[in-house]
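Step one of this worksheet: look at the structure below.
Read the figures in this text as sums done on the coordinates, not as results from a lab. These numbers come from a predicted model, not from an experiment. Please note: Cβ atoms are built from the backbone with ideal geometry, for glycine as well, and neighbour counts cover all protein chains shown.
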Amino acid sequence: MFLLNINIGYYVNERNVYNEPAHAESNVEINVMAEPVPNDVVPTPELSALQTNEPDPDDQEFLRINDTSTAVCNRLLKAMEMLRSEVSAMQATSILQTLLKIIRNVIEHPEVEKYKRLRKANPVIERNIVNYKAALEILFLVGFREDVMFDNIGKEDAYLVLKRNDPGLLWLAKSTLESSTSLTC
C-alpha cells in the first residue's frame, strides 16, 4: 500500500472526499491508498550496445581529434627516443624534467607571459634545450617558435616563444613526458 500526503485543501480517504475550510493555518492531507496490481510488469527499456563511457566510433569529430592526438603523441615519443639515443640516461632525465617544468608552468600559469618566453641564452635553457634537436622538437610540437625580442634598451635577444597556446596539446605533452620520466627515474 502507498500513502501520499499533499497540502491542497481537501481530505480524501478510501471512500470519501471532504472539502476542508480554507484557514490560513490549515494543514490538509490527502491519503491515497492503493494496492499494487499483482503481476504488474514494468517493461525494462532496451539498453544500447554502445557503452556510455566510450565515444561513438563513427563520430567524425572524435576520429579527427583521436588521429591528431595519436600523431602528436607518436612524434613526442619519437623525439624522446631520439633524445635518449643522443645522451646518457641521466642527461635525458634532466632534459625531460626541464621540458616538463616548462610545460607545467605554462599550464599552471596561462596568463603569465614569462612562462611563455624562454631566453635561449639562459644557462638552463641553453644546456638542456637549445643544444638538443630532440628537446627543441618537443617544444616546437607544443607550440613554441624561435623569435627575436628587444629589451628595454633596444638590445635584441633570441627567444623560444609559445605562439600556439593550445591547452589540450600542452596537457598531452605533459602526460606523455610524465609517463616517460616516471619510467626513466
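Is it the case that region 143-150 has a residue that's small (Gly, Ala, Ser), farther than 13 Å from Ala79 by Cβ and in contact (Cβ under 8 Å) with a residue 24 or more places away in the chain? So far as region 143-150 goes, yes, one or more of its residues are small (Gly, Ala, Ser), farther than 13 Å from Ala79 by Cβ and in contact (Cβ under 8 Å) with a residue 24 or more places away in the chain. Residues of region 85-104 that are in contact (Cβ under 8 Å) with a residue 60 or more places away in the chain and under 30 Å from the mean Cα position of the chain (by Cα): Ala92, Thr93, Leu96, Gln97, Leu99, Leu100, Ile103, Arg104. If only residues of region 149-185 that are β-branched (Val, Ile, Thr) and within 29 Å of the chain's Cα centre (by Cα) are counted, the one that is surrounded by the most Cβ atoms within 10 Å (Cβ to Cβ) is Thr176.
Residues considered: Glu108, Glu146, Glu113. Of these, the only one that is surrounded by fewer than 16 Cβ atoms within 10 Å (Cβ to Cβ), more than 26 Å from the chain's Cα centre (by Cα) and charged (D, E, K, R) is Glu146.
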